[in-house]
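As structure tokens, the structure follows; a few thoughts come after it.
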Amino acid sequence: MQELGQPGFRADQLSRHYFARLTDEPAEMTDLPAGLREQLGSALLPRLLTAQRELACDEGMTRKTLWRAHDGVLLESVLMRYSDRVTMCISSQAGCGMACPFCATGQAGLTRNLSTGEIVAQVFAGARALAGGTLPGGPGRVSNVVFMGMGEPLANYASVLAAVRRITDPAPAGLGISQRAVTVSTVGLVPAIQRLAAEGLSVRLAVSLHAPDDQLRDELVPVNRRWKIATVLDAAWAYAAATGRRVSIEYAMIRDVNDQAWRADALADLLAGRLAHVNLIPLNPTPGSRWTASEPAVAAEFQRRIAARGIPITVRDTRGTQIDGACGQLAASSS
Ligand code: SAH
């Protein structure tokens with residue numbers, strides 16, 4: 001504002017428009033002098049993302065948006081409405097460099113990191129649409145945010161951390177969503193998990209484990225060749241100790257690959273007595289993948305064996321498969 005020759009308090013006014021009134025439309029900023037609205041709006045709140053396409057299913061309760069950034073890069077976010085909450089699944093990178101073979105995003109490679117503004121803009125758009133009351137289900141607010149869209153959040157650490165602050169700080173500095181309702185999901189970048197544990201946040205950490213043995217995990221999550229399971233879990237338990245929060249262990253159930261009873265027992269051995277919760281994800285189909293979801297009876301037995309050891313375990317409600325909006329399906333193709 002000072003560079004634009006304006007008094008500093010206008011920065012606070014603009015922040016309130018964006019984070020509290022959920023508007024980035026200069027015309028709606030009636031407390032700014034009429035002659036300045038357009039100039040200040042375009043200089044300080046440029047439109048970072050343009051919706052290219054919107055797909056919905058579940059009677060409109062699940063909506064995937066394909067966004068185009070200023071440089072033409074494409075990314076996706078998904079809004080999921082439940083009876084008691086609204087969760088937004090957002091992207092931290094355009095593409096992903098982690099190359100997990102069962103994930104559509106991983107197949108395309110990394111295009112670039114998203115900026116803090118581009119990450120926050122995905123949540124802003126959902127919050128604005130909900131506040132406007134135009135979505136099926138009526139007016140609402142975003143209660144939960146999961147960094148489970150495209151990209152590896154901890155590989156874009158600085159922008160993701162700043163975005164967490166803008167999403168969770170109270171207005172006018174942020175959207176005021178509870179830190180406890182934000183989940184950062186990672187393939188297991190150990191130094192970044194350690195760094196996150198020292199930030200003094202209370203966001204939930206999710207670790208995409210998918211295998212209890214290094215031999216298989218080396219194949220499913222290639223970064224495991226760098227940081228082995230024992231090291232990743234040590235960092236996860238340190239995170240739990242620092243934050244008091246249960247770590248979510250993500251496990252995609254892949255038929256005849258990682259769903260054997262002995263692997264359930266091996267997973268339970270790793271997690272017993274820890275501050276952990278297992279989230280089983282039925283494998284979602286991705287183009288060109290040779291893998292499919294586990295047989296229901298096999299998945300049920302896997303779940304039973306973990307639960308029998310006293311480890312909390314749930315099966316993820318897979319939303320949005322019809323619109324390629326479920327876990328591992330975000331590829332941001334506009335065709
Ligand atoms: N890169 C981070 C954030 C993405 S979260 C991470 O991997 O944690 C997306 C989640 O969906 C991860 O747990 C990922 O392993 C999982 N996933 C990827 N492809 C999937 C598929 N085809 N079916 C089910 N889950 C999948």
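The values are calculated or read from the model by the stated rules, or taken from the named source; none is laboratory data. Please read all numbers here as calculations on a predicted model, not as lab measurements. Glycine also receives a Cβ, built like all others from the backbone with ideal geometry; neighbour counts cover every protein chain displayed. Please note that ligands, DNA and RNA were not included when accessible areas were found on the heavy atoms of the full protein model with its side chains. Shrake-Rupley method; radii C 1.70, N 1.55, O 1.52, S 1.80 Å.
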| said: Just checking, does the range 319-327 include any residue being touching a helix residue (DSSP H, G or I) at 6+ places or on another chain (Cβ under 7 Å) and at negative phi? | reply: yes
| task | Test Arg21 against the criterion of being charged (D, E, K, R) and in contact with a Ser or Thr (Cβ under 9 Å, 6 or more places away or on another chain), and give yes or no. | result | no
| Of the residues Leu209, Leu216, Leu175, Leu189, which is modelled with pLDDT of 95 or more and away from the ligand (no atom under 16 Å from the Cβ)? | Leu175
| task | Write out, first by first residue and then by second, each pair whose Cβ atoms fall under 7 Å of each other, whose residues are 6+ apart or on separate chains, and whose first residue, in the range 42-54, is in the same structural domain as Ala69 (by TED's automatic domain parsing) while the second is hydroxyl-bearing (Ser, Thr, Tyr) and open to solvent by 60 Å² or more (accessible area, probe 1.4 Å). | result | Gln52/Ser334; Arg53/Ser334
| remark: Scanning the range 229-272 for residues that are under 21 Å from Gly328 (Cβ atoms), open to solvent by less than 30 Å² (accessible area, probe 1.4 Å) and not in a helix (DSSP H, G or I) gives Val247, Ser248, Ile249, Glu250, Tyr251, Ala252, Met253, Ile254, Val257, Asn258, Asp259
| task | Among the numbered conditions (1) touching a helix residue (DSSP H, G or I) at 6+ places or on another chain (Cβ under 6 Å); (2) modelled with pLDDT of 95 or more; (3) near the ligand (Cβ under 10 Å from one of its atoms), tell me where Val223 comes up short. | result | (1)
| said: So in the range 95-115, with the set limited to residues that are free of Cβ contacts under 8 Å to residues at least 60 places away in the same chain and hydrophobic (A, V, I, L, M, F, W, C), which one is most open to solvent (accessible area, probe 1.4 Å)? | reply: Leu110
| query | Asn284: surrounded by 15 or more Cβ atoms within 10 Å (Cβ to Cβ), modelled with pLDDT under 95 and assigned by TED's automatic domain parsing to the domain that holds Gly97, yes or no? | reply | yes
| Lone unmet requirement of (1) open to solvent by 10 Å² or more (accessible area, probe 1.4 Å); (2) in a strand (DSSP E or B); (3) within 23 Å of Ala171 (Cβ to Cβ) for Leu55 | (3)
| Within the range 84-94, can one find any residue that is open to solvent by 20 Å² or more (accessible area, probe 1.4 Å), assigned to a strand (DSSP E or B) and more than 13 Å from the ligand (Cβ to nearest atom)? | no
| task | Identify the residue in the range 273-308 that is within 12 Å of Pro212 (Cβ to Cβ) and aliphatic (A, V, I, L, M) and, among all such residues, is farthest from the ligand (Cβ to nearest atom). | result | Ile306
| said: Need a quick list: helices (runs of 4 or more DSSP H) entirely within the range 157-224 having at least 1 residues that are within 30 Å of Ser15 (Cα to Cα). | reply: 157-168, 190-197
| request: Tell me, please, whether a residue that is assigned to a helix (DSSP H, G or I), away from the ligand (no atom under 14 Å from the Cβ) and modelled with pLDDT under 95 can be found in the range 309-321. | output: no
| field | Subset of the range 145-170 (residues that are within 16 Å of the ligand (Cβ to nearest atom) and either on the phi > 0 side of the Ramachandran plot or open to solvent by 40 Å² or more (accessible area, probe 1.4 Å) (or both)) | value | Met148, Gly151, Ala155
| Can Glu38 be described as out of contact with any helix residue (DSSP H, G or I) (no Cβ under 7 Å at 6 or more places or on another chain) and among the acidic types (Asp, Glu)? | no
| task | Within the range 27-43, identify whether any single residue is more than 16 Å from Pro7 (Cα to Cα), open to solvent by 50 Å² or more (accessible area, probe 1.4 Å) and in contact with a Ser or Thr (Cβ under 7 Å, 6 or more places away or on another chain), and answer yes or no. | result | no
